[in-house]
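One structure is given here, and the rest of the page talks about it.
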Amino acid sequence: MSRRIYLTVKDEPDPMKTIEPDFGSVAVLMFYANSINPEMAENMIYSLLSEYDYRMEKELPVEDYTYDNFSGHGSMEEINEIIQFINNRLLPSLKNESKDLDLVFDIFGDAERFMDIYYDVLHLGIIGIAENDLLEGYAGYIPNLFDKAVLLRDFYKRVIDMDQGYKVYTE
């Protein structure tokens, strides 16, 4: 099974509201988002990191955060900006793509070539992917990417609606 990123709202009363997007789909979605707006793609990527991992990545003081603290990185303002980007730019752009398109294989030919290009974009490499992450499931298909964008948007809306932070960890 492909590796997953687990996101849950802090103090979430319904454990079924935890989302578990796979690494491959998230990586391809971030790559696609980067083609639209690199700054927002970077913000989306950072929102998928714990505060500790974000601070380590940016070489900031970790303060009271430790590697086993899963508090997600992202202020309410940043989360709102991500929601707006998903609604106003990412989803409309994905809707305009061919539903049969697989970004990994139809555009780049294979997972290895996609990964080479993916890692050339500095901030994309923060979400490390392996070839297996791209081969399982439908990581690069436009309908899958659309569904993952909606999943993330709805999760972030829940964060805002509940006025809570969130937790993030990977497996």
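The values are calculated or read from the model by the stated rules, or taken from the named source; none is laboratory data. These numbers come from a predicted model, not from an experiment. Note that each Cβ is placed from the backbone with ideal geometry, even for glycine, and that neighbours are counted across all protein chains shown. These accessible areas exclude ligands, DNA and RNA; they are computed on the full protein's heavy atoms, side chains included. Shrake-Rupley method; radii C 1.70, N 1.55, O 1.52, S 1.80 Å.
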Filtering the chain for DSSP H helices with an axial alpha carbon extent of at least 15 Å and a Kyte-Doolittle mean of at least 0.0 returns 23-36, 142-162
What does a probe at GLN164 reach in the range 46-67, counting residues whose amide N is under 20 Å from the point 7 Å along Cα→Cβ? 47-52
Counting every Cα pair in the range 81-171, what percent are over 23 Å apart? 34 percent
Any residue on another chain or 5+ positions along whose placed amide H is under 5 Å from the amide H of GLY72 is listed here as GLU51, TYR166, LYS167, VAL168
What the Cα atoms of the chain span along the principal axes, largest first and in whole Å, is 44, 30, 30
Go ahead and run the numbers for FRET between ASN37 and ASN96, Cβ-Cβ distance against an R0 of 22 Å, rounding to 0.05. 0.90
Please arrange LEU101, LEU151 by accessible surface area, largest first, computed with a 1.4 Å probe and ligands excluded. LEU151, LEU101
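Accessible area per residue, 1.4 Å probe, Å², for the chain: what's the number? The partial results should precede the final answer.
Working: 8860 Å² over 171 residues.
The answer is 52 Å² per residue.
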Leaving out same-chain residues fewer than 8 places away, which lysines sit with a Cα under 20 Å from that of LYS95? LYS148
If amide H atoms are modeled at 1.01 Å from N in the peptide plane, then the residues at a separation of 5 or more from ARG4, or on another chain, having amide H under 5 Å from its own are PHE23, GLU171
Heavy atoms of LYS99 accessible to a 1.4 Å probe, total area in Å² rounded to 10: 110 Å²
Theoretical ellipticity at 222 nm over the chain - DSSP helices of four or more residues, -39500 (n - 2.57) apiece, nearest 500: -14500 deg cm²/dmol
Taking only protein heavy atoms and a 1.4 Å probe, the highest-to-lowest accessible-area order of SER98, SER71, SER47, SER35 is SER35, SER98, SER71, SER47
Report the dimensions of the range 3-104 along its three principal axes from the alpha-carbon atoms, largest first, rounded to Å. 46, 33, 26
What does the accessible area of LYS17 come to, in Å² to the nearest 10, when a probe of 1.4 Å is used? 90 Å²
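Probe radius 1.4 Å, ligands and nucleic acids left out: which of TYR166, TYR52, TYR138, TYR65 has the largest accessible area, and how do the rest follow?
Order by accessible area, largest first: TYR138, TYR65, TYR52, TYR166.
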Ignoring ligands, DNA and RNA, what percent of the 1.4 Å accessible area of the chain is carbon and sulfur? 47 percent
Could you tell me the accessible area of TYR119 in Å² (1.4 Å probe, neighbours in place), rounded to the nearest ten? 100 Å²
